[in-house]
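Read the structure below first, then the notes.
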Amino acid sequence: MEYEILTGNIIGDEGVLTTEELARACRAEVSWIAELIDVGILAQEGEDPSRWRFCAGDLTCARRAARLQQAFAVNTDALAVMLDLLSEIERLRDRLKRAGLDSEE
Amino acid sequence: MEYKDYYKILGVERTATADDIKKAYRKLARTYHPDVSKEAGAEARFKEIGEAYEVLQDPQKRAAYDQLGTRWQAGQDFTPPPDWGTGFEFTQGRASREATPDFSDFFSSLFGNFARQADASRARGEDHHAKILIPLEDAFHGATRTITLRAPQLDAQGRVVLREHTLNIRIPKGIRDGQLIRLAGQGTPGTGGAPGGDLYLEIHFDRHALYRVEGHDLSLTLPLAPWEAALGATVKAPTPTGVVEVKVPAGSQSGRKLRLKGRGIPGEPPGDLYLVLDVVLPKADTARAQELYRTMAQELSFNPRRALGV
């Protein structure tokens, strides 16, 4: 067993995860995923959760949303604002880094 | 195992009300939540805060914890007393939280043996998540990496313990920062014959000495001598797959980008490698070098501040 080499599935920019899989990975319900879509934290076409498909960025974002909601007990609208601000900070930090101006590392 | 003073961790008195505890937790969470904090060690600190809150916000767990009394000091070597937990009946409570699994041995020794009681029936195992750092070179050549993760599991007595879990994983050529590798069945085993959860590995590249990564593109700062930039030149540049020669057009300035198509991270289509030109001045530290600079000053009519109107 020790030398077994595992090959996984790559999840990238294409939607491959079903709504159930995403919900399970966040330890949440499908209805919670639908709430994230309602407030625009995640984007999907149509109303039928069985047709939605999610990418790596969606999973990272939804898990972060789950962690923040647990810690701060915020509603999904406030959660959306927090996530927007956090990604804006990240985008700016990335720009600093690319300009060689990051002093943190 | 070390005793943990959960009251001290949250900065509240032993007599604090449920409301005080919640307020203290929220305040600390704003400071140390790893998603919002850039403080060093925030993640470890937040874990400790979350664990303290998990115990103190639950009247049953808090009462049981209080029963240990005040004779323990934080950090002191701790063994649960033989009568630990008698007379208390714990329910599942908030145990299904996303952030719960990685609590301390101290927590597990006190509360671990009933955290999973409700799981006795058939239930799919939980998914696990981990971030791993790999060298950028793995995206060019593919690799097999051995990783060790700490994952909560049930021991023979049904208690939650942290076990090390070592896996050999194939990193495919073309992987990008932020992508996930999903390993089916490598999460928590299921119970009652149900399937195990999956393990999701979030891939990030180590910081590279030369290349900066953006999606599937890379960029590299390419230093040039002033005459190479001014007159044009063919110069050598490193790429992740070997040294190449690039033609620098005459009249190039610092900041100009040259694109080497398809020299970024492999894929369909592959990314590009951008060379960001950076003109570097030779030092004027010899008489000859100073003379050359003076000749330029005299013979070139050059005002770099013309655009400023001075």
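The values are calculated or read from the model by the stated rules, or taken from the named source; none is laboratory data. Note that the structure is a prediction, hence the values are computed from the model and not measured. All Cβ positions, even for glycine, are placed from backbone atoms using ideal geometry, and neighbour counts span all protein chains on display.
Among the residues that make up segment A:1-13, is at least one of them surrounded by 12 or more Cβ atoms within 10 Å (Cβ to Cβ) and assigned to a helix (DSSP H, G or I)? Within segment A:1-13, not a single residue is surrounded by 12 or more Cβ atoms within 10 Å (Cβ to Cβ) and assigned to a helix (DSSP H, G or I). Apart from one condition, B:Trp227 fits all of (1) surrounded by fewer than 16 Cβ atoms within 10 Å (Cβ to Cβ); (2) touching an Asp or Glu at 6+ places or on another chain (Cβ under 7 Å); the exception is (2). A Cβ distance below 7 Å, combined with a sequence gap of six or more or placement on separate chains, defines the contacts here; from segment B:8-28, residues that are assigned by TED's automatic domain parsing to the domain that holds B:Ala52 and assigned to a loop (DSSP other than H, G, I, E, B) reach residues that are β-branched (Val, Ile, Thr) and modelled with pLDDT of 90 or more in the pairs B:Val12/B:Ile21.
Any residue at all in segment B:259-266 that is aliphatic (A, V, I, L, M) and at pLDDT 95 or above? Yes, segment B:259-266 has at least one match. Evaluated against (1) surrounded by fewer than 20 Cβ atoms within 10 Å (Cβ to Cβ); (2) touching a Ser or Thr at 6+ places or on another chain (Cβ under 8 Å), A:Asn75 falls short on exactly one condition, (2). Residue count for segment B:208-225, restricted to those that are out of contact with any strand residue (DSSP E or B) (no Cβ under 6 Å at 6 or more places or on another chain) and more than 14 Å from chain A (Cβ to nearest Cβ): 1. The numbered conditions (1) at the interface with chain B (Cβ under 8 Å from one of its Cβ atoms); (2) part of a loop (DSSP other than H, G, I, E, B); (3) at pLDDT 90 or above are all true for A:Glu104 except (3).
If we keep just the residues of segment B:62-79 that are part of a helix (DSSP H, G or I) and modelled with pLDDT under 85, which is nearest to A:Leu83 (Cα to Cα)?
B:Ala64
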